Structure formats: structure tokens, C-alpha cells
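**Student:** Here's a structure for you.
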Amino acid sequence: MRYPLKHYLLRSAGWLCGALLVASLPVQADRLSEQRRHYDQAQSALAKGDHARFQQLKAGLGDYPLYPYLLLESLRKRVDHAPHREIEQFLSAHGDLPTASGLKRSWLARLAKEQDWDRLRRHLDEDSATAELQCPLVLQMWRDGQTEQAMARARELWTVGQSQPAACDPLFEHWMAAGGLTEDVAWERIRLALLYRQDGLAKYLTRYLPTQGALAERFVATAGDAKRLNQFSQYQPGAGQPLDKLTDIVTVALRRLGRDDPNAALALWPHYQHLPFSEEQRLALTRDIGVRLARRHQPEALPFMAANDPQMKDDTITEWRGRLALRTGRWHTVQELVEHMPDHLQQQSRWRYWQLRSRQLADSATGDLLPEYAQLAGERDFYGFLAAERSRQPYATNHQPVPIDPRAAARVQNTAGIIRAREFFARGEYVNARREWYHAERLFSREELIAQAALARQMEWYFPAIRGISKAQHWDDLEIRFPLAYREPILQQARLRQLNSTWVYAITRQESGFMTDARSHAGALGLMQLMPATARETARRYSIPLGNTHEVLQPERNIALGTAYLSQLYSLFEGNRVLASAAYNAGPGRVRQWTRDMPAMPSDIWIETIPFDETRNYVQSVLTYGVIYGEKLGIPQPVMEQSERYVE
């Protein structure tokens, strides 16, 4: 075939451009390496106060992705005296930096101090509108003649359950002098303070009720010692005790007692149930008393919850009614509850499963339910997998690779925050990288979130990929959601400890999403989220080298320690993954407590009625993920082994 001259010219030009690009790569790499070095030196100069050296280095970094961070750090050090225009220009150009909010808050505080109200109003937004900044602005609004609006905002700022900053005192004094503080407003703040257990604040506030001071003091005293409610005659409607105030006193005291001793609160309830509680008060009381009793598996919570939320308006109460009925073997009650649940609960696979399961337990009608179980088996979740086992259907993992929109991918890769995140990632600054990555996603469309997740997966940056695809609500790409990360060490350690690698993978995926530097609020570390004390004890028990706590974050070391600890729990709970998984999350002591003096029961019921929501979701996720990893590894894994289907 003959081609026109234009074709050869284009091919030659393309080859030449490609050759030039390849030739330029080492130059670009050298340039980037030099910029990284100069960036570090500029940061060091700034920290030492060497302004001349900082300015010299900064001059050559204008096109370096992290250049705005040098400007930010410089302004942070000068925020008390830097020209306002300079700060405004920085926030306009680089306000998308996730850490720019700290600079902005400091600058806004300076504006309030300088009484630069116009500039403060222009730059104050929902994220930065603290009470410390709002109060002076509202006071100025008052001075500008906007009295009605200022009075309303002052009342909102004052009527909260905790102390407000000293910056609000001038506003509150002005508001009180104008007659804004009524006894009803003071009572409402006392109520809020007592619910927050701010008893000292509540006691201080009683001074603002000159005609009801004794009642307010009684409110504080009763909330602090709810046993006073045993003096029934003193808390009944009568002279000098307005019914609405009396109802508030009893509500707050019973709610606080319910959180500490729900049995005692329930014992008091018959003496006060006749009070005119609002629907909001009844639901709050039922959560604080009834749900807490239900979490302790106490049957008396059932009639209490049913009486106080008969229309099932509160999901937490409704679901714990169902769980407690399951735990106490009231199969027909479960069926009736599910039939009357709100649609959004009734349609969940959880309650679809329990409607079928309770019918089966009540009537032993397994065969008749096979088609209905088979219908639920199409769901890729814990209940769908349980239904698949009961209907002898294959698990519906339903993997569908996500399609990537090339235009969305290009937009993501060219977003400034993503460019900065990738540079932080290349430098090994993973916390800063994640901060930028997550901040950038706020404005992304669903297609862009998917492209961002795919980019993270390509970088083998597993947790942001998992997080991103979940935010996009694309659940079917199991390559992104369930990567075979750290395959060799996980398989090796699972073999060493004689554990199923699907379980080790499921635990690791649930614990950290394969974030190597994960640190929980409680102090757990690394891929398998080990507490430092547990890591040290496990290292001694299994002769695993561990020089210091920082080594727990090393992926291979963390997997070795985590798998060893998991095998310890597996042995402790006699080869039952259900109990061992719960113990990995909540601790073996709690699991022993939850099973002590308990009759044998089906594991699905035991899991559903675990008192801690976090642990229940954790166990269900681990068992579900085990099935998915079993398929990915070619090691079929039932959601529960035959030996795990009962808990004793």
C-alpha cells in the first residue's frame, strides 16, 4: 500500500518527538531531583530564620509542585504582621491546600482583633465560623443597627451545652442588657448543659432564673443524682412545679441514669411514664434505656421499646427490637417486626434474611424457603452469602471491572492537588499525600472519583484506591476493592501459622485497607492494626524480632506479628473464626464475657446480636471478605465453616 507524503512526514515527526521525549526524560528527572533537594533546603532555611537563603532557594522553585507549601509556611510565621493583601492573594491562589485552613483561622482571628469587620465578613465561611469569630461580628452587626438579627444570633450562640469563649462575653453582656435573656432561655441552656454532663456550668446558670431558682437547682441536683427520683411524691405535677419543667427534669435524669444503669432507669419508668413527654423525649429515653438493655440481651427491653416507639420512627430502636427478639428466640415477633418496618429497613438484605430465617426457625420450613433464599443469594454481602449457603447457590461475587473515562482521567491527573499528592507520595510523605488526595476529591464527579481510584490502584496505593471507589459507589470492581497486596508475606505467614490465607487477607483488608502506616485513635499500628503492647507480647511469645515500636509499622514485620496473634486467638477459641475475629476487634476478654453462661446458639444470631456495632460489622465484613479473597486466590472459602455455625 502506498501512503501520501503527508503520512511519512507525520510518522517522521512523531518518531522525532518520541525520540526527543525519551532523550529529555533523564534531564527532567535530574531537574526534579534538584528541585526536591532545593525544596528541602528552603524548608530548613525557613525553620532557621535564614530569610535571605530562603528567598534565594524559593526563586528557582516556582514550577515545583510543592512550591505553595513554602509560601504557606512563610506566611504562617508572619501571620501577625504580613500584609493583608499578601495573605488574600495566597488564599485566592492556593486556598485549595488542605492545610491552608490553619493559616486562614489565624488570620481571621487577627482581623477580629484589629476590628477589620468588612474583610472578616468577606472571608468568613462555614468551615471557619467559630464562636470566637462570630461573636464579635454579631456585636458589630448590632452596632450597625441590625438589632433584630443580632438579638437572634446572640441567643443562638448563648444557648449551647458548653461554655463559650471569652470573646463572646461582650456580645452576651450587650444581649442580656437588651433583655434577650429570659428565664425560659436560661432553662433551655441548663437542660443542654446537663445532657452534656456540664454540671458546673448548669449550676452557674441557675442565677439567671430569679423566680424559678429553687426549681433550677433541683434540676441540677436531680440530674447529678437520679436516685432522687425514688422520692416519687416530690416529682409529681403539683403547685409550684410547671409540668413542662418537671418533664424536663425527669427526662434528663432518666437519660443520664439510663446511660449508667439502665436497669435502675427502667425500674423508675412506671412512676413517670404518665408525664407528657414529647415524641423526641420518648425516643431519646428509649435509646438511652431500652437500647442499652437490649445490647445486654435483657428481654424486658422489648415491651419498653415497643411502647415508646410503636410506629418504628427510630431505626436504632427498631433494629434492636429485632435483634433482641432474635436473641430471645421470639421468631414470630421477628417476622411481625420485619413486616411492619419502614421500607428502607425492610428492603435491606439484613432484614430480608432475618424474615426468612425466623420463618425457618419457627416452622422448620427449610425446603419451602429455598426459592426465597436463592433470590437473596444474588446480593454480594454477608446476608447474601448466608442465603447462598442455605439455598445451595454459588456466591454472587459479581466482579465487574470499572470503565475509566479517559477525559475524566486526564482531568484528575492534571488537578493541582493530585499533582501535589503524587509528589508527596514519591517523597514517601504519605500522610501529606493522603491529605492532598482526599482534599482534591471533594469537587470530583463520580467519573473523576472512579478515575482517581484507578490511578491510585495503578500506583499500588491501595487504601486511597479502596476509599475512592467506595466514595464513587462503584462496588463491583473487586480488583480495586480487594487487591492481593503483600501477597508473598501474607501467604508465607499464613502457612507458617497454619491459618487460611483468605482469613488473614480479610482481617488485613478490614483493619487497614492495606495502609502500611495506619494508626488508629487507640494507638493500633500498621497493616494488621496491632497495639504496641500486643505486638511486644506476641514478639516474645513467638520469637519474632522486634527492636522498637516503630518496627511494627514495617509491612513484613506487621504481617508476621499480626498473623501470629491471630493464630493465638484461633487456638484460644478452638478454631472458631467467628469468635476469633470478634476477639481481634474487641479483645478476647469481651468475647469471653459475651459467651459466658450462654446456651449454644446459631452463629448468625450470635453475630447479629453482638452488643458493639463496630464489632458486629467487623465480623460480618471479615467473613464476607474471606469469601471474596477465596475466589481471588482460588481457595474456596465458605462464609462460615461447618464447625463455626454454632457458638457455645
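**Student:** Starting from the Cα of H84, move 7 Å in the Cα-to-Cβ direction to define the label point; list residues of the stretch 107-145 whose amide nitrogen is under 13 Å from there.
**Tutor:** Hits in the stretch 107-145 for H84 at 13 Å: 107-124.
**Student:** In whole Å, what is the distance between the alpha-carbon centres of the stretch 85-141 and the stretch 197-227?
**Tutor:** Between the Cα centre of the stretch 85-141 and that of the stretch 197-227, the gap is 37 Å.
**Student:** Still on this model: What's the extension gain from A396 to D50 if we count 0.36 nm per residue and subtract their Cα-Cα distance?
**Tutor:** Full extension of this stretch gives 118.3 nm more.
**Student:** Next question, about the same structure. So for the pair Q642, R519, with labels modelled 7 Å out along Cα→Cβ, what separation do we get in nm?
**Tutor:** Taking the two extended label points, one gets 4.8 nm.
**Student:** Restricting to Cα pairs below 8 Å that are 6+ residues apart, what does the relative contact order work out to for the chain? Please round to a whole percent.
**Tutor:** With pairs under 8 Å counted, the relative contact order is 6 percent.
**Student:** Among W354, M305, A524, which residue has its Cα furthest toward the positive end of the charge dipole of the chain, with +1 on Lys/Arg Cβ and -1 on Asp/Glu Cβ?
**Tutor:** In the chain, that residue is A524.
**Student:** Is the shape of the stretch 488-647 best called rounded, prolate or oblate, per the rule: a/c under 1.5 gives rounded, else a/b larger than b/c gives prolate, else oblate, with a ≥ b ≥ c the square roots of the Cα gyration tensor eigenvalues?
**Tutor:** Here the stretch 488-647 falls in the prolate category.
**Student:** Within the chain, how many Lys pairs sit with Cα atoms under 21 Å apart, leaving out pairs fewer than 8 places apart on the same chain?
**Tutor:** Step by step, the pairs that qualify in the chain add up to 9.
**Student:** Can you give the FRET efficiency to the nearest 0.05 for S106 and F232, using r as the Cβ-Cβ distance and R₀ = 51 Å?
**Tutor:** In this case the efficiency is close to 0.40.
**Student:** Roughly how compact is the stretch 406-475, stated as its Cα Rg over 2.2 N^0.38 Å to two decimals?
**Tutor:** Taking N as the residue count of the stretch 406-475, the ratio is 0.97.
**Student:** For V647, what residues show an amide H to amide H distance below 5 Å, using hydrogens built from the backbone and excluding near sequence neighbours?
**Tutor:** M601, S603
**Student:** Let me check I've understood the local charge: for D80, count other residues with C-beta under 11 angstrom from its C-beta, Lys and Arg +1, Asp and Glu -1. What total comes out?
**Tutor:** Taking every other residue near D80 into account, the sum is +4.
**Student:** If you average the C-alpha positions of the stretch 69-84 and of the stretch 258-287 separately, how far apart do those two centres end up, in angstrom?
**Tutor:** So the separation of the two Cα centres works out to 54 Å.
**Student:** So what are the ³J(HN,Hα) numbers for the stretch 126-138, from phi and the Karplus equation (6.51, -1.76, 1.60; θ = phi - 60°), rounded to whole Hz, Gly and Pro as x?
**Tutor:** 4, 5, 10, 7, 6, 4, 4, 8, 5, 4, x, 5, 5
**Student:** Also, I was wondering about something else. Place a +1 charge on the Cβ of each Lys and Arg in the stretch 451-509 and a -1 charge on the Cβ of each Asp and Glu, then give the dipole magnitude about the Cα centre in debye, rounded to the nearest 20.
**Tutor:** Computed charge dipole of the stretch 451-509: roughly 200 debye.
**Student:** Still on this structure, I have one more. What distance in nm separates the two pseudo spin-label positions at Y438 and T595, each 7 Å out from Cα along the beta-carbon direction?
**Tutor:** According to this spin-label approximation, the distance is 3.5 nm.
**Student:** Using only helices, what value at 222 nm comes out for the chain when you add -39,500 (n - 2.57) per DSSP H run of length 4 or more and divide by the total residues, to the nearest 500 deg cm²/dmol?
**Tutor:** -20000 deg cm²/dmol
**Student:** Residue separation times 0.36 nm, minus the C-alpha to C-alpha distance between Q164 and L491: what's the value?
**Tutor:** Taking Q164 through L491 to full extension adds about 112.2 nm, to one decimal.
**Student:** For every other residue with a beta carbon closer than 9 angstrom to the beta carbon of I469, add +1 if it is Lys or Arg and -1 if Asp or Glu, then tell me the sum.
**Tutor:** Local charge sum for I469: +3.
**Student:** In percent, how large is the relative contact order of the stretch 31-108, given Cα pairs closer than 8 Å and 6 or more residues apart?
**Tutor:** With pairs under 8 Å counted, the relative contact order is 24 percent.
**Student:** With the crude spin-label approximation of a point 7 Å out along Cα→Cβ, what separation in nm comes out for R31 versus D63?
**Tutor:** Placing both labels 7 Å beyond Cα along the Cβ direction yields 0.4 nm.
**Student:** Here is a further query. Output wanted: per-residue J couplings in Hz (rounded whole) for the stretch 41-52, from phi through Karplus 6.51 cos²θ - 1.76 cosθ + 1.60, θ = phi - 60°, x for Gly and Pro.
**Tutor:** 3J(HN,Hα) across the stretch 41-52, in whole Hz: 5, 5, 4, 5, 5, 5, 4, 7, x, 8, 5, 5.
**Student:** How big is the dipole moment of the stretch 488-647 about its Cα centre under a simple scheme where the beta carbon of each Lys and Arg is +1, that of each Asp and Glu is -1, and everything else is neutral? Debye, nearest 20, please.
**Tutor:** 360
**Student:** Could you please report the charge total around A93, scoring K, R as +1 and D, E as -1 over all other residues with beta-carbon less than 13 angstrom from its beta-carbon?
**Tutor:** Taking every other residue near A93 into account, the sum is -2.
**Student:** For an R0 of 51 angstrom, estimate the FRET efficiency from the Cβ-Cβ distance between D476 and A214 and round to the nearest 0.05.
**Tutor:** 0.20
**Student:** For the stretch 569-648, what is the convex hull volume of its Cα atoms per residue in Å³?
**Tutor:** Dividing the Cα hull volume of the stretch 569-648 by its residue count gives 85 Å³.
**Student:** Give me the dipole magnitude in Debye, nearest 20, for the chain about the Cα centre, with unit charges on the beta carbon: positive for Lys and Arg, negative for Asp and Glu.
**Tutor:** 1440
**Student:** Relative contact order of the stretch 488-647: what whole-number percent is it, with Cα pairs under 8 angstrom and at least 6 residues apart?
**Tutor:** Normalised by residue count, the contact order of the stretch 488-647 is 23 percent.
**Student:** Report the gain in length on full extension from R259 to R540: 0.36 nm times residue separation, minus Cα-Cα distance, nm rounded to one decimal.
**Tutor:** Result: 97.2 nm gained on full extension.
Throughout, read-outs are computed from the coordinates displayed, never taken from laboratory work. All figures in this text were calculated on a predicted structure; none of them were measured in a lab. Note that each Cβ is placed from the backbone with ideal geometry, even for glycine, and that neighbours are counted across all protein chains shown.
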